[in-house]
1. Multiply the residue separation of Arg33 and Lys74 by 0.36 nm, subtract the distance between their alpha-carbon atoms, and state the gained length in nm to one decimal.
2. Stretch Tyr117-Val130 to full length: gain in nm at 0.36 nm per residue minus the Cα-Cα span?
3. Just give me a number: lysine pairs in the chain, eight or more positions apart or cross-chain, with C-alpha atoms less than 16 Å apart.
4. Any idea what Rg and Dmax come out to for the range 73-121 if you just take the C-alpha atoms, in Å?
5. Explain nothing, just the number: relative contact order of the chain, from Cα pairs under 8 Å at least 6 residues apart, as a whole percent.
6. Between Thr4 and Met102, what is the spin-label point distance in nm, taking each point 7 Å from the Cα along the Cα→C-beta axis?
7. Ser41's amide H: which non-local residues (gap 5+, or another chain) put their own amide H closer than 5 Å, with H modeled 1.01 Å from N in plane and none for Pro or chain starts?
8. Sketch the reach of a paramagnetic label on Asp46 as a point 7 Å from Cα along Cα-to-Cβ, and name the residues of the range 92-127 whose backbone nitrogen lies under 18 Å away.
Amino acid sequence: MTVTGSCLCGQVHYVIKGSLVDADHCHCSKCRRQHGAAFSSYAGFDPGDFQWTSGEKLVSIYEESSGAGWCFCKCCGSTLAGSDDGEITSIAMGTVDGDPGMQPEKHIYVGSKADWYEIHDDLPQFQKRVANG
Ligand SMILES: [Zn+2]
Ligand SMILES: [Zn+2]
């Protein structure tokens, strides 16, 4: 499967030449601020499957000392991807074109959940990041 996506202004595009895996809704306070939303939704993929197909020079990374980063378009501010030590490791699912072929399987960092949001589904909830399987 091939997954494509883009930012709001349409200048940055990416392709993932493979299937998305291990997706979650992240309720951590960092993602909430970075997305300006109740939570973020990220999906992973096999290393090497990801490629920027246009606008890579517009992509900026806000990186913490831990190496965790959020990649966004400098023009429109769309958050496109998550990174670890500068390497793209996950994609922000809200930027995917059409059906990503899978759905998030869990909620993580639920201890940091926004007071104004209630989780109304039966997905498992975790206090931190966990890998599937
Ligand atoms: Zn943009
Ligand atoms: Zn988060």
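Bear in mind these aren't lab numbers, they're just calculated from the coordinates by the rules spelled out. Just so it is clear, the structure is predicted and the values come from calculations on it, not from any experiment. Cβ: placed from backbone, ideal geometry, glycine included. Neighbour counts: every protein chain shown.
1. Working: separation 41, 0.36 × 41 = 14.76 nm, distance 1.67 nm.
Residue separation times 0.36 nm, minus the Cα-Cα distance, leaves 13.1 nm.
2. Full extension from Tyr117 to Val130 adds 2.5 nm.
3. On the way: Lys30/Lys113; Lys30/Lys128; Lys57/Lys74; Lys106/Lys128; Lys113/Lys128.
Lysine pairs, 8 or more places apart or on different chains, close enough: 5.
4. For the range 73-121, the Cα radius of gyration and maximum Cα-Cα distance read 13.7, 35 Å.
5. Relative CO of the chain lands at 28 percent.
6. 2.2
7. Amide H to amide H, under 5 Å and 5 or more residues apart or across chains, Ser41 pairs with Cys26, Met93, Gly94.
8. 101-102
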